[in-house]
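Have a look at the structure below before the remarks.
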Amino acid sequence: MTYRVIQWATGTVGIHAAPAIAAHPDLELTGLWVHSDAKVGHDAGELCGGPPLGVLATQDAAALLASGADCICYTANSDLRPDGVIDDIVGMLAAGLNVVNTSYVPLLYPKAAGEGVYDRLQAACLEGGTSFYTSGIDPGFGNAGITMHALALCKEVRKVRMLEIVNYATWDNPFTMFEIMGFGKQEPSQSLLLSPGSIGLAWGPVLHLVAEAIGLSLDSVEETHEILRADEDITIASGTVAKGTISGMRFEIIGMVDGEERIVVEHVTRLRDDDAPDWPQGRGYRIHVEGEPHLKIELELSSDLGDHNHAGCLATAMYVVNAIPHVVRADPGVLTMLDLPVYSATVG
């Protein structure tokens, strides 16, 4: 059976998702919503940097919702509009369209995404007879996905640490880099990401999802961070980071039980590989499990068509695109990684 899919936005993830949907043997790209007026009327393939796909971009959301599609792949920007994202998705689910999402990452585990969020999504799913699923690479497969499968090897689990170690210099996204993350700012207080509660909101659901997988109840979630300042002007894809401003960051989100650290997400973000040599080194994603047995797993992404940042955005798109047939076939309701079968790429 072929499922009809609408791609919602063509940002850094959406430009990978739309052509992937069109190429998937079990999916058909039937619609494309875009935020920019300048993109309206253009072919989806053109907007994604490839050959024509025969689907024209539109801003007519009502027409797309009424088009009879089976699923929406939602990748619209959420940095400054989390409530708007949830409103969008609730409306889509209630209208009878299943939704997979990479946009608002706390929805990886909606029960930890804020008061009333899970209840709204679940009610919309039941109203529309639809299912909802969020994932990506981080939060997503790069931390929770690898970890939950790996923990099946353990008799005892004392502590889990999930790391992302990535050089962001080639990521061309000035708004996210400078305004959200705070590169080039004088103080951490000018970074939306490092504002109190922000990293806990974004990655706390990873901790709760892994905790649920192993039957652990967290007492609290704590945050720590430290920054690096540039010793000279640094030119990156997104612009210039001036000497003396933030050029790197390391933060942790820590799940506590009985006063002990039990589940931790750690991010190490540099603009130059040689910076902060005392911080964890490497490229990609790393899982450490203290238990019986101990585990260490590493995942590094690359691509024939770009660097690790290109590969990461592609992987983010593919982890939900490949889930679409399973999400559509699932019973109505909010889904997490714990609810779907193991799934893979489908090569036609």
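We did not get these values from a lab; they are worked out from the coordinates using the rules stated. As the structure is a prediction and not an experimental result, all values here were calculated from the model. Please note: Cβ atoms are built from the backbone with ideal geometry, for glycine as well, and neighbour counts cover all protein chains shown.
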Gap in Å between the Cα centre of the range 305-319 and the Cα centre of the range 8-25?
12 Å
On a C-alpha basis, how far is the centre of the range 88-105 from the centre of the range 31-57 in Å? Whole number, if you could?
21 Å
Point-to-point label distance, Ala237-Ala38, nm (Cα→Cβ direction, 7 Å offset)
1.9 nm
Which of Ala61, Ala112, Ala18 ends up with the largest GNM mean-square fluctuation for the chain, with Cα atoms connected below 10 Å?
Ala61
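Shape verdict for the chain, please, from the Cα gyration tensor: rounded (a/c under 1.5), prolate (a/b greater than b/c) or oblate. Before the final figure, lay out the partial values.
Details: a/c = 1.68, a/b = 1.23, b/c = 1.37.
Since a/c reaches 1.5 but b/c is at least a/b, the shape of the chain is classed as oblate.
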Under a plain spin-label model, where a point goes 7 Å from the Cα along Cα-to-Cβ, how far apart in nm are Glu261 and Asp339?
3.2 nm
Per residue of the chain, what 222 nm ellipticity follows from adding -39500 (n - 2.57) for every DSSP H run with n ≥ 4, rounded to the nearest 500?
-7000 deg cm²/dmol
Beta bridges per DSSP with both ends in the chain, % antiparallel, nearest 5:
55 percent
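So which trypsin sites (Lys or Arg not before Pro) in the range 87-174 are both in a DSSP loop and have at most 14 other Cβ atoms within 10 Å of their Cβ? Walk me through the numbers before you get to the answer.
On the way: sites: Lys111, Arg120, Lys155, Arg158, Lys159, Arg161; in loops: Lys155.
Filter output for the range 87-174: Lys155.
What is the Rg over Rh value, at two decimals, for the range 165-238, using alpha-carbon atoms and the Kirkwood definition of Rh?
Numbers: Rg = 15.4 Å, Rh = 14.4 Å.
That ratio equals 1.07.
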If the chain between Ala63 and Lys155 were fully extended at 0.36 nm per residue, the gain over the current Cα-Cα distance would be 27.9 nm
Choice from Leu295, Leu153, Leu192 with maximal GNM fluctuation in the chain (Cα, 10 Å cutoff)
Leu153
Once you've got the GNM for the chain with C-alpha springs shorter than 10 Å, pick whichever of Ala63, Ala23, Ala323 has the biggest mean-square fluctuation.
Ala63
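Sequence gap of 8 or more, or different chains, plus Cα separation below 30 Å: how many lysine pairs satisfy both in the chain? The partial results should precede the final answer.
Values: Lys111/Lys155; Lys111/Lys159; Lys111/Lys296; Lys155/Lys296; Lys159/Lys296; Lys185/Lys243.
The result is 6.
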